[in-house]
Structures are given as C-alpha cells and as structure tokens.
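Okay, so here's the structure we're looking at.
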Amino acid sequence: MARHPAAAPLGVLTAGAAGAGYLYVTDPHESGHLLPRCPFRLVTGFLCPACGGTRMTYDLMHGHYEAAWLDNRLLLLASPFALALLLRWTLEGLRGRRWRPSFSRPAQAAILLTAAAWTVTRNLL
C-alpha cells in the first residue's frame, strides 16, 4: 500500500510542532530537562555544526534574536533555506506529487566544506 506523498512531510511538521511546543516551555539554557545532548560533543568534547541549535530555536521563539545569533550563527543563517525546502516538500505532497530536492556535486561539496569550516572555527574561538 503506497502512502500519500503528503504523509511524510506532514508527519515531520507534526513532530516538529510537538517538539517546538515542548521546547517553548523548556529552557535549554537551564539543566533538568528532557532535551537530548549532542552525541558528537559527548564523544569528542567538540561542538558540531548544529550545536546550539536547540538554544537558538528557543531564543528565536522568545524573541531573543541576539542570543540566537550567538548560539549558532551558521545554523541561523541556513534556517530559512531549510524551512523553504520543508515548505516545498509539503506543498508538493499536498498536490499529490513526490518531491526530493537534489543538489549538484559542487553544491554538496560547498555545504560539507562550510559545515567543516564552521566546526573548526567555532571550536578554535
């Protein structure tokens, strides 16, 4: 039985909304919450490219834009692109079409190199 093309993006949106609801009332800057820790940081002790993303999202939801910038600059700048991809995936699914973004090899390399450079930079500073 084939799923409707909108099932996956709507599932992601639903899970994201539930996570955002929990995050809205849970301050990740404080301890004692059920938010997961970064496995890369637990193993290596270094910040990964996405470290600070949970705090950044919390700060954005509460209007603390400067704090969100300080939490993870690169992720903050990349967020509109990720949201645009999610929106496109959802709209195509609702239209009954399956959609998968495709990036050229140079674009993939640029994304990976940017993430690697960001990881090195933020761990040196």
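The values are calculated or read from the model by the stated rules, or taken from the named source; none is laboratory data. Everything quoted here is computed from the prediction, not taken from an experiment. When we count neighbours, we look across all protein chains shown, and the Cβ atoms used for this are built from the backbone with ideal geometry, even at glycine. In case anyone asks, the SASA skips ligands and DNA or RNA and just uses the protein heavy atoms, side chains included. Shrake-Rupley method; radii C 1.70, N 1.55, O 1.52, S 1.80 Å.
Length gained on full extension, Ala82 to Ser31, computed as 0.36 nm times the residue gap minus the Cα-Cα distance: 15.5 nm. Computed from Cα atoms, the angle from the helix 73-94 axis to the main principal axis of the chain rounds to 20 degrees. What the Cβ-Cβ distance of Arg41 and Trp69 gives, at R0 = 22 Å and to the nearest 0.05, is a FRET efficiency of 0.60. How would you classify segment 55-114 from its alpha-carbon gyration tensor, with a ≥ b ≥ c the square roots of the eigenvalues: rounded for a/c under 1.5, else prolate if a/b is greater than b/c, otherwise oblate? Because a/c hits 1.5 or more and a/b fails to exceed b/c, segment 55-114 counts as oblate. Using helices alone, what [θ] at 222 nm do you get for the chain, with -39,500 (n - 2.57) per DSSP H run of 4 or more residues, divided over all residues and rounded to the nearest 500? Helix contribution divided over all residues of the chain: -21000 deg cm²/dmol. In this simple spin-label approximation, Leu125 and Trp99 carry label points 7 Å from Cα along the Cα→Cβ vector, and these lie 3.4 nm apart.
For a quick check, take a GNM of the chain with Cα springs below 10 Å and name the residue from Phe103, Phe46, Phe81 with the largest mean-square fluctuation. In this elastic network of the chain, the residue with the biggest mean-square fluctuation among Phe103, Phe46, Phe81 is Phe103. Distance from the Cα centre of segment 68-118 to that of segment 1-27, in angstrom? One Cα centre to the other: 17 Å. Note on Asp71: accessible area is roughly 20 Å² with a 1.4 Å probe, heavy atoms of protein only. Could you check which residue among Leu112, Leu75, Leu13 shows the biggest mean-square fluctuation in a GNM of the chain with a 10 Å Cα cutoff? Greatest mean-square fluctuation among the candidates belongs to Leu112. For segment 20-88, what does the alpha-carbon gyration tensor say about shape, rounded, prolate or oblate, given a ≥ b ≥ c as the root eigenvalues, a/c under 1.5 as rounded, and a/b over b/c as prolate? Oblate, since a/c reaches 1.5 and b/c is not below a/b. The calculated Kirkwood hydrodynamic radius for the chain is 16.6 Å, given to one decimal from all distinct C-alpha pairs.
Largest GNM mean-square fluctuation across Gly52, Gly32, Gly16, computed for the chain with C-alpha springs under 10 Å, falls on Gly32.
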